[in-house]
Amino acid sequence: MSDFRSDAARVTRVLEWLAEHYAEQPPLEAIAAIAQASPTHFQRMFTARVGVSPKKFVQHLTLDRAKDK
C-alpha cells in the first residue's frame, strides 16, 4: 500500500504543474512521470484524491481558463 502523505504530495505537485501546462494537453504518461508513478497507479491515485480522472481534470481546467479569457 502506498503512503498517504507521499501520494498527496505527488498529486499536489501534478496539480501545480498542470496549472502551468494544461494547454499542452499532456498525455497520461507525461503527467504520471511528474508524479514519478506508473500511469495506471497515478490514474488511480489522482482520481481517488481529486474525484475525476486526470484527463477530465485537464479538460475542465482548459474550459475554465478559456472562459476567463
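The values are calculated or read from the model by the stated rules, or taken from the named source; none is laboratory data. Note that the structure is predicted; figures quoted are calculated from it, not measured. As a convention, Cβ positions derive from the backbone with ideal geometry for all residues, glycine included, and neighbour counts pool all protein chains shown. These accessible areas exclude ligands, DNA and RNA; they are computed on the full protein's heavy atoms, side chains included. Shrake-Rupley method; radii C 1.70, N 1.55, O 1.52, S 1.80 Å.
Would you mind finding the one in GLU20, GLU29 that is open to solvent by 70 Å² or more (accessible area, probe 1.4 Å), among the acidic types (Asp, Glu) and either in contact with a helix residue (DSSP H, G or I) (Cβ under 6 Å, 6 or more places away or on another chain) or touching a residue at least 60 places away in the same chain (Cβ under 8 Å) (or both)? It would help to see each step written out before you state the result.
Details: GLU20 fails: either in contact with a helix residue (DSSP H, G or I) (Cβ under 6 Å, 6 or more places away or on another chain) or touching a residue at least 60 places away in the same chain (Cβ under 8 Å) (or both).
Within the list GLU20, GLU29, the selection yields GLU29.
So, in the range 35-49, how many residues would count as being surrounded by fewer than 17 Cβ atoms within 10 Å (Cβ to Cβ) and in contact with a helix residue (DSSP H, G or I) (Cβ under 9 Å, 6 or more places away or on another chain)?
8
Could you give me the residue pairs with C-beta distances under 8 Å whose first residue belongs to the range 50-69 and is farther than 13 Å from LEU18 by Cα and open to solvent by 70 Å² or more (accessible area, probe 1.4 Å), whose second residue is of a type outside the set (A, V, I, L, M, F, W, C) and in a helix (DSSP H, G or I) wherever it lies, and which are 6+ apart or on separate chains?
Every condition considered, no pair remains.
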